[in-house]
Each structure stands twice: as structure tokens, then as C-alpha cells.
1. Is it true that some residue in the range B:57-79 is away from chain A (no Cβ under 14 Å) and under 23 Å from A:W35 (Cβ atoms)?
2. Looking at A:R60, A:R45, which is the one that is under 30 Å from A:L169 (Cβ atoms), surrounded by 17 or more Cβ atoms within 10 Å (Cβ to Cβ) and within 16 Å of the ligand (Cβ to nearest atom)?
3. Please work out if B:T24 is under 10 Å from the mean Cα position of the chain (by Cα) and either away from chain A (no Cβ under 12 Å) or surrounded by 13 or more Cβ atoms within 10 Å (Cβ to Cβ) (or both).
4. Select from the range A:36-72 the residues that are in contact (Cβ under 8 Å) with a residue 24 or more places away in the chain and of a type in the set (V, I, T) and write down the one among them that is farthest from the other protein chains (Cβ to nearest Cβ).
5. Does the range A:80-87 contain any residue that is over 28 Å from A:L327 (Cβ atoms) and more than 16 Å from the ligand (Cβ to nearest atom)?
6. Mind checking which residues of the range B:6-36 are hydrophobic (A, V, I, L, M, F, W, C), in a helix (DSSP H, G or I) and under 17 Å from B:T74 (Cβ atoms)?
7. May I ask you to say which residue of A:D77, A:D68 is among the acidic types (D, E), touching a Gly at 6+ places or on another chain (Cβ under 7 Å) and surrounded by fewer than 24 Cβ atoms within 10 Å (Cβ to Cβ)?
8. In the range B:40-79, which residues are of a type outside the set (G, A, S), under 10 Å from the mean Cα position of the chain (by Cα), over 18 Å from A:A221 (Cβ atoms) and assigned to a helix (DSSP H, G or I)?
Amino acid sequence: MRGGLIELASTGMWVPEKVLTNADLERMVDTTDEWITERTGIKERRIAGDDMTAVEMGYRAGKAAVADAGLEPADVDAIIVSTATPDRLLPATACDIQARLEARDAVAFDVWGACSGWLYAINIGSGLILSEQAETVLCVATEKMSAIVDWTDRATCVLFGDAAGATVLRRSGGNGHGILSTYMRSDGTLAELLYRSPLDSGSVPVDVAELAVRDGYLRMAGREVFKNAVRSMCEAVDAVLEKAGVTKDEIDLLVPHQANIRIIEATARYAGLSMDRVWVNVDRYGNTSSATIPVALHEAREAGRIEEGSLVLMVTFGAGLTWAGMLIRW
Amino acid sequence: MADIESRVRDIIVTELGVEPSKVTPEASFVEDLGADSLDTVELVMAFEEEFGIEIPDEDAEKMETVGDAIKYLTEKEGA
Ligand SMILES: CC(C)(COP(=O)(O)OP(=O)(O)OC[C@H]1O[C@@H](n2cnc3c(N)ncnc32)[C@H](O)[C@@H]1OP(=O)(O)O)[C@@H](O)C(=O)NCCC(=O)NCCS
């Protein structure tokens, strides 16, 4: 196995045009702009219409990332997709995206890591490159959360939005640029805190089939998730910094999972970072599951907040529970 | 080390950003100290951190005033 670092050679994103504001939600459920803003920091989110699929969203973000890397889809050796909202359960969303991209020489598969899925995908992709099974890996997160939230449940429907983001992984050109350290964890004993209820289907096992509610919607114990989110993101901060031998004050930008501004602020406080060193877009997109970090990275690059040499820390958490962190020298 | 009561008060002052003089035993976190539901979650997390304990949700929900928190944590520490 050849050593060396893996870099994120490009970024790409796609979000639907339709904006759903807190004022719009006030007309749909018993809520207020004030409640949503104070508890979550979310002001609006994007909603993909009925005719937009997770595959198409992911394809658009993936195509943008391939182009941003100066490559053609035919150059891609592996496509790894993270999604909690596949259009269909078989085949993998990655295969459908592969077909749309016409990336004929690639292997394509999905990972199920919920909001942590994109960092999981990058980690797996890096492994493929380091073990010389691929040179160019496209990692895509595509999440049509609007399709799985219960639009009558005010405690969850105000939180989520739709988006897709992507990156191309390649071997780094050297000079210490690339992924410096990663951390991944899960705790399946906390699965009931956040899950998507199963639909009626022949493959549903007996104990799950006995669940009263089988509507395919997202269910969440908000407070417990909140506590675990803060703890696990702080743990991920410590873990990646320690592995890389880097101190908190060296971080140029924290790009956290965008679920709730209160969780982001608590994590930033823990990391000793003032909010001007944290990329925040939860106000504009809400929680787009695993797409939050690639979208945030793309925007931060466009805004000139990530430049060559920037030290970027990413941390995330989600259903599973899963959590992860990654430190990159851009 | 400071006594439990003053450690609890210090945490409340820092977490909720309130005047120390307002942190009286009768003061309710929500009614008097302006905490919202997530502030109370963060406050409980800070207590857990400071005292190295787990506070179950059922117990956390019963902690409505500064006095409730001091009493609960004193009992826990004594145990
Ligand atoms: C969802 C979250 C904002 C709710 O905040 P909270 O302080 O825990 O709120 P609670 O669920 O305790 O509800 C407090 C009150 O607000 C109400 N409420 C819930 N959603 C509301 C809404 N959209 N508008 C108005 N009121 C709402 C509740 O019904 C409850 O009312 P009650 O006291 O009369 O019963 C918060 O728990 C959270 O962000 N959790 C983490 C969620 C997350 O990030 N999930 C994604 C993981 S990837």
C-alpha cells in the first residue's frame, strides 16, 4: 500500500429553487417564525418538487464536482453515494447516478450513514485510493428530506430541507495537503432516537411490523438527539485534532453539520472558535442530512473562506446514531 | 473546591448569562431567568459535566427552579 494523502480535488452542489420560509410554515402547522428561529436558527429551506428525484439532484451536484476537478465522468473509478432518501431501494442510488453521468468505468454503491454518510463515503473513497483500487472517486450526498418528513409534525418538519453536494477525491499533489485525520463512530443502541418508520413491505421483519406507525416518516426525540449531537460533535473535534497533532487555535474554518444553530454554537464554543471561524448556512437551507457539509464546503470555497493551505475541520452526527469528524489541509 | 450551591449558581450565571443577584433559590429557569427549552437542556448538560453524573430526562424535567437544581445535585453528590 502506497502512503500519502488524499485530497478533495473539487466541490459541487445543487439545491432546488423553491424556497419554503418560516412564514410559509406558519400557514401549514401550528408554529411561529420566532420559535423556529430561536430554537434552530433556520429561516428558510429549499424544497424539491414532486418531479425532482434524489438521483437527478445527486447527478447535478456530482456533474458539477467532476467538472470543477477538470475531469470527465469517464475518468471516475468509483461513485459512492450517501442518501437517506433513495427514490427506490434497489438498485443503489449510486448506480442510477452512474448511468446519468455515463461514468461507464466506475464501481457504484451507496453508504447508509444518515447525516454522517458523506464523511463516511469520503473515508471509504480514500481507502479505495490508498489501497490502489481507484484513482478518482466521486462522493455524492443527495437528500430529498421533504419526501420523508411528516408535514403535519411541527417538531420535525420545520427542521429539514433538500440539497445535494459532491466532491472528487484524488491523491494529493503533496506538500501536506489533503485529509490529515478522520474519526468515525456509531452507537446502534440509540437508534430509536431518530429513525424513519418502515413502510408496509414484505421484507419488514416481525418485530418491526408490529410497530403501530408505518408511514415511512422521520421520527425523532429532539432533546435526546440534541444532547447526543453536542457531545458527539465535541468528541469528534477532540479525536481528529489529537490524531493529527493539531491544536484548536490552528483551525481556519469549522464546517459542521448544519442541523441547528444551537448545536453549532455549542460545538464552536467547545472548540474555542468564535463564530466568524464557523461556516453557517443552516439559516438558508435547514438540515439537509448528509448534504450539509459538501454544500457548506462548496459555498465556503466560493466565498474565498477556504483557500489553498486552509485548515478545515468538519464534524457531523446523525441517525444511528452516527458521528464523524475530518481534518483537511486544503 | 467551592460548595455545591455556589458551583450550581456559577453554572447558571454562565449558561444563561444572567445577573448573579437574580439566581435566587425561588427563581424559575424559564419564568424568571429567561431560559427556553433548549437552554434548560444545555444547563442540565453543564451540570452533568461539572458533577460527572448522568441526569435522566425524568429528573431533568422536574428541575424548574434554582433551588430544585441545588437540592437535586446536593442529594446526588451526597449519594
Ligand atoms: C427539535 C428541537 C429544536 C426542539 O426543541 P426542544 O427545546 O427540544 O423542544 P421540545 O421538543 O422539548 O418542545 C418544546 C415545546 O415546543 C413545541 N414545539 C415543537 N416544535 C414546535 C414548532 N415547530 N413550533 C412551535 N412549537 C413547537 C413542543 O410541542 C413543546 O410544547 P409543549 O411544551 O407545550 O409540549 C431540538 O430538540 C433539536 O434541535 N434537537 C436536535 C434535532 C436534530 O438536530 N435532529 C437532526 C439530527 S441529524
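The values are calculated or read from the model by the stated rules, or taken from the named source; none is laboratory data. As the structure is a prediction and not an experimental result, all values here were calculated from the model. Using ideal geometry, Cβ is built from the backbone for each residue, glycine included, and neighbour counts are taken over all protein chains shown.
1. Yes, because at least one residue in the range B:57-79 is away from chain A (no Cβ under 14 Å) and under 23 Å from A:W35 (Cβ atoms).
2. A:R45
3. When the stated conditions are applied, B:T24 does not pass them.
4. Ranking the qualifying residues of the range A:36-72, first place goes to A:V66.
5. Yes, the range A:80-87 has at least one match.
6. Scanning the range B:6-36 gives B:V8, B:I11, B:I12.
7. A:D68
8. B:L43, B:F47, B:V66, B:D68, B:I70, B:K71, B:Y72, B:L73
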